[in-house]
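Enquirer: The structure under discussion is supplied below as structure tokens; questions concerning it will follow.
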Amino acid sequence: MGEGREATGGGGAAAASASDLLEALVDAGHLIPTGTPGLYGRGAAFDALLDRLEALFDRLTADDRAERLRFPPAIGRALFERSGYLDSFPHLAGTVHAFDGDERGHRELLAALRAGRDWTGRQAPTGLVLTPAACYPVYPIFAARGPLPATGGIADVASWCFRHEPSTEPTRLQLFRMREQVRLGRPEQVLDFRQRWIERARQLVDMLDLPARLELAHDPFFGRGGQIMAASQRDQRLKFELVVPIADPQRPTACMSFNYHQDHFARSFGIRDFEGAPAHTACVGFGVERLAMALLRHHGLDPTCWPARIRAALEGASP
Amino acid sequence: MPMELDEEIRAVLAGSGRLAVDVAAVDRDDDLFALGLDSHGAVELMVALEERLGVEFPDRLLTRATFRSIAALAAALAELLPVGARP
């Protein structure tokens, strides 16, 4: 827990509540409000910290020989529909719409806009969906290559991701950076991967001196039926999270997640292992902004004043 | 009566197409998850049974255990349905 070990420099982020932390991050120039909850600009020091955390991820994973893949922050409708996202999280998805009318429609749109009426009825789906998790574009790519090699596959992905959960809690962003590794292969390969990452996370927490703990977790499934899915996910121990108290000491924030999908994505996208059976997949994801906020909350709002050991870990110097 | 609830549950299961086997061949104690039911299938089963029988599963019953077998579902439904309202 973070109590009693407040900021060590830079004025401190001794925030007692979510709104205090948001105010502190804004005052320090780390977050720039846009007028929309959960949507912030990033100041220079905060943005540099995000980049340093991604560089730390690079160093942690340097020996993994993961295939680096990058995508723009949207996926096509067909991929989205196959992923099963709408079964589980219809409330979190964001679809991109655009004006689809003629000149008359344009005049009506402007008239509605100027009269303060709803103008969005003129918007039609574009076929783009904002990326909900960085790993989604990876699955059809591996499926299209045919059966996996005996060693399976491993990918390194990063993306801006969207979740429709507007909030003034500063760690709950609508658009944020997610960095992930995805493992595809036999069940034992995939579970090995997840276990290795859980150990690696302990190492990371130690390097960054964060009061974190690992918890059994579940995804924010939609509706009453979602309770069955959540209970089922927990019973089967499919999801773990590394949580750190950030905005609310009573409700720590997930900064990393370790997810075993069994053959869910492999069946949805047709990914086969080297023997032709449906592959199993897992992913490990970092919420980059959340880790950055955890550091600012526990070590102070000015990263130049952080303890030397933590600065060294972030700068890649040998300890 | 439990056996009548069994028939209702079997009818819903047959309509769902979620099992890998013929519902008639499923014993009331068989593990439905082992027979191909997944958690999305369990949610469909919940919605279909609620509509058919006019009940609402309370939060405490929204677990994997409730949907594990025809017997477990019948026990949960017997608890939710007043005696006179049972099929």
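Enquirer: From B:20, B:34, B:75, which residue is surrounded by fewer than 20 Cβ atoms within 10 Å (Cβ to Cβ), assigned to a helix (DSSP H, G or I) and more than 10 Å from chain A (Cβ to nearest Cβ)?
Expert: B:75
Enquirer: While we're on this one: Condition check: touching a residue at least 12 places away in the same chain (Cβ under 8 Å), not polar (S, T, N, Q) and not assigned by TED's automatic domain parsing to the domain that holds residue A:202. Does residue A:125 satisfy that?
Expert: yes
Enquirer: May I ask you to list the residues in segment A:224-258 that are touching a residue at least 40 places away in the same chain (Cβ under 8 Å) and either within 12 Å of chain B (Cβ to nearest Cβ) or polar (S, T, N, Q) (or both)?
Expert: Scanning segment A:224-258 gives A:226, A:229, A:253, A:257.
Enquirer: If I ask for residues that are outside any helix (DSSP H, G or I) and modelled with pLDDT of 90 or more, which ones from segment B:37-62 would you list?
Expert: Start the filter on segment B:37-62 by keeping residues that are outside any helix (DSSP H, G or I), which leaves B:37-38, B:54-58, B:62.
Within segment B:37-62, B:37, B:54, B:55, B:56, B:57, B:58, B:62 qualify.
Enquirer: Does residue A:79 satisfy the condition of being more than 21 Å from residue A:290 (Cβ to Cβ) and not aromatic (Phe, Trp, Tyr)?
Expert: For residue A:79, the condition - more than 21 Å from residue A:290 (Cβ to Cβ) and not aromatic (Phe, Trp, Tyr) - is met.
Enquirer: Right, something else. In this structure, is residue A:270 within 17 Å of residue A:205 (Cα to Cα), out of contact with any Asp or Glu (no Cβ under 6 Å at 6 or more places or on another chain) and assigned by TED's automatic domain parsing to the domain that holds residue A:178? Spell out the reasoning first.
Expert: Numbers: within 17 Å of residue A:205 (Cα to Cα): no; out of contact with any Asp or Glu (no Cβ under 6 Å at 6 or more places or on another chain): yes; assigned by TED's automatic domain parsing to the domain that holds residue A:178: yes.
So residue A:270 fails the test.
Enquirer: Kindly indicate whether residue A:280 is away from chain B (no Cβ under 14 Å), out of contact with any Cys (no Cβ under 8 Å at 6 or more places or on another chain), in contact (Cβ under 8 Å) with a residue 60 or more places away in the chain and of a type outside the set (A, V, I, L, M, F, W, C).
Expert: The answer is yes for residue A:280.
Enquirer: I've got another one for you. Given the residues A:120, A:131, which is the only one that is surrounded by fewer than 17 Cβ atoms within 10 Å (Cβ to Cβ), of a type in the set (Val, Ile, Thr) and more than 14 Å from chain B (Cβ to nearest Cβ)?
Expert: Of the residues listed, the single one that is surrounded by fewer than 17 Cβ atoms within 10 Å (Cβ to Cβ), of a type in the set (Val, Ile, Thr) and more than 14 Å from chain B (Cβ to nearest Cβ) is A:120.
The values are calculated or read from the model by the stated rules, or taken from the named source; none is laboratory data. On a predicted model such as this, the values are computed, not experimentally measured, just so you know. Heads up, the Cβs are rebuilt from the backbone with ideal geometry, glycines too, and the neighbour counts pull from every protein chain shown.
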